[in-house]
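First comes the structure, then the notes that go with it.
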Amino acid sequence: SQLAEENLWALSVHEGESVTVNCSYKTSITALQWYRQKSGEGPAQLILIRSNEREKRNGRLRATLDTSSQSSSLSITATRCEDTAVYFCATGGYKVVFGSGTRLLVSP
Amino acid sequence: EAAVTQSPRSKVAVTGGKVTLSCHQTNNHDYMYWYRQDTGHGLRLIHYSYVADSTEKGDIPDGYKASRPSQENFSLILELASLSQTAVYFCASSGQGGGAETLYFGSGTRLTVL
């Protein structure tokens with residue numbers, strides 16, 4: 001079983017709407033990372049949130065971390081078509097382990 | 001800008017043949033990784049390395065070898081390619097190991113084994 005896992009396989013929204021992707025993890029962590037992978041590209045980190053942080057922002061992106069429930073969320077506001085991608089949470093000890101990803105489709 | 005370059009971008013191999021995937025980074029990073037991506041499985045770690053001339057097994061090392069001849073270069077070797085190794089392979093680098101380090105990925109190599 002995965003160390004970290006997103007809770008939905010896929011999501012679909014219209015441009016301008018907000019969307020949240022959730023992730024749960026199974027062990028104590030020093031940090032949790034969110035990555036985005038667009039079609040034909042390698043993953044790129046969006047946000048790294050450390051275990052002593054509850055929230056972190058990066059432009060239209062907002063990540064939260066709840067260590068008591070071992071969960072994290074990534075929210076995107078005012079979505080755009082170019083936000084269409086697969087979103088991964090990732091964490092680990094001496095190596096980074098990725099979840100299976102949530103596929104987000106943003107349509108016009 | 002961190003840079004990880006993979007070659008080739010795509011490759012078709014025959015079952016039982018030898019395949020070498022190459023990765024070069026200009027980030028001056030100590031850690032390098034090889035991940036495999038299949039639909040529905042996200043990214044799975046095959047091998048990683050934290051110093052030249054040394055490699056470590058990841059979560060799915062069977063059927064793969066790795067080589068780190070220098071800090072900048074990390075290769076993934078399939079001695080006897082099999083149909084089940086058809087996948088997209090990603091190389092990544094990071095300054096240090098662990099879950100609190102940002103990974104910088106290459107663009108991937110799409111491998112098809114026939």
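The values are calculated or read from the model by the stated rules, or taken from the named source; none is laboratory data. Everything numeric here is computed off the predicted structure, so don't read it as measured data. Methodologically, a virtual Cβ is constructed for each residue, glycine included, from the backbone with ideal geometry; neighbour enumeration extends over all protein chains shown. Keep in mind that these areas ignore ligands, DNA and RNA; they rest on the heavy atoms of the full protein, side chains included. Shrake-Rupley method; radii C 1.70, N 1.55, O 1.52, S 1.80 Å.
The listed residues are B:Thr39, B:Thr102, and the only one of them that is of a type in the set (S, T, N, Q), modelled with pLDDT under 95 and either open to solvent by less than 30 Å² (accessible area, probe 1.4 Å) or more than 26 Å from B:Thr15 (Cβ to Cβ) (or both) turns out to be B:Thr102.
Assess whether B:His24 counts as being out of contact with any helix residue (DSSP H, G or I) (no Cβ under 7 Å at 6 or more places or on another chain), within 9 Å of chain A (Cβ to nearest Cβ) and surrounded by fewer than 20 Cβ atoms within 10 Å (Cβ to Cβ).
Working: out of contact with any helix residue (DSSP H, G or I) (no Cβ under 7 Å at 6 or more places or on another chain): yes; within 9 Å of chain A (Cβ to nearest Cβ): no; surrounded by fewer than 20 Cβ atoms within 10 Å (Cβ to Cβ): yes.
No: the conditions fail for B:His24.
Among the residues of the range B:42-60, just one is closer than 21 Å to A:Val86 by Cβ, more than 9 Å from chain A (Cβ to nearest Cβ) and open to solvent by 30 Å² or more (accessible area, probe 1.4 Å), namely B:Ile60. Looking across A:Glu5, A:Glu17, one residue alone is more than 8 Å from every other protein chain (Cβ to nearest Cβ), surrounded by 15 or more Cβ atoms within 10 Å (Cβ to Cβ) and either assigned to a strand (DSSP E or B) or out of contact with any Asp or Glu (no Cβ under 9 Å at 6 or more places or on another chain) (or both). It is A:Glu5. Inspection of the range B:61-68 identifies at least one residue that is within 14 Å of chain A (Cβ to nearest Cβ) and hydrophobic (A, V, I, L, M, F, W, C). If only residues of the range B:1-26 that are of a type in the set (Ser, Thr, Tyr) and part of a strand (DSSP E or B) are counted, the one that is farthest from the chain's Cα centre (by Cα) is B:Ser10. Among the residues that make up the range A:38-60, is at least one of them among the β-branched types (Val, Ile, Thr), open to solvent by less than 20 Å² (accessible area, probe 1.4 Å) and within 14 Å of chain B (Cβ to nearest Cβ)? Checking the range A:38-60: at least one residue is among the β-branched types (Val, Ile, Thr), open to solvent by less than 20 Å² (accessible area, probe 1.4 Å) and within 14 Å of chain B (Cβ to nearest Cβ). Checking B:Ser94 against (1) among the small types (Gly, Ala, Ser); (2) at positive phi; (3) within 13 Å of chain A (Cβ to nearest Cβ), which test does it fail? Condition not satisfied by B:Ser94: (2).
I'd like the residue in the range A:20-37 that is closer than 26 Å to A:Pro108 by Cα and within 13 Å of chain B (Cβ to nearest Cβ) and, out of all such residues, is farthest from the chain's Cα centre (by Cα).
The extreme case among them is A:Gln37.
Of the strands (runs of 3 or more DSSP E) entirely within the range B:27-102, those holding at least 1 residues that are in contact (Cβ under 8 Å) with a residue 40 or more places away in the chain occupy B:31-38, B:42-51, B:73-78, B:87-94. Pull up the range B:61-84, narrow it to residues that are open to solvent by less than 10 Å² (accessible area, probe 1.4 Å) and not charged (D, E, K, R), then point me to the one that is farthest from A:Cys89 (Cα to Cα). So, considering only residues that are open to solvent by less than 10 Å² (accessible area, probe 1.4 Å) and not charged (D, E, K, R), the one farthest from A:Cys89 (Cα to Cα) is B:Ala81.
Which members of the range A:20-29 meet the condition of being open to solvent by 50 Å² or more (accessible area, probe 1.4 Å) and modelled with pLDDT under 90?
Restricting attention to the range A:20-29, the residues satisfying the condition of being open to solvent by 50 Å² or more (accessible area, probe 1.4 Å) are A:20, A:22, A:24, A:26-28.
Correct list: A:Lys26, A:Thr27, A:Ser28.
Just for strands (runs of 3 or more DSSP E) wholly inside the range A:67-108: which have at least 2 residues that are facing another protein chain (nearest Cβ under 10 Å) and either open to solvent by 10 Å² or more (accessible area, probe 1.4 Å) or at pLDDT below 95 (or both)?
Working: elements: A:71-76, A:85-91, A:102-107.
Where strands (runs of 3 or more DSSP E) fall fully within the range A:67-108 and carry at least 2 residues being facing another protein chain (nearest Cβ under 10 Å) and either open to solvent by 10 Å² or more (accessible area, probe 1.4 Å) or at pLDDT below 95 (or both), they are A:85-91.
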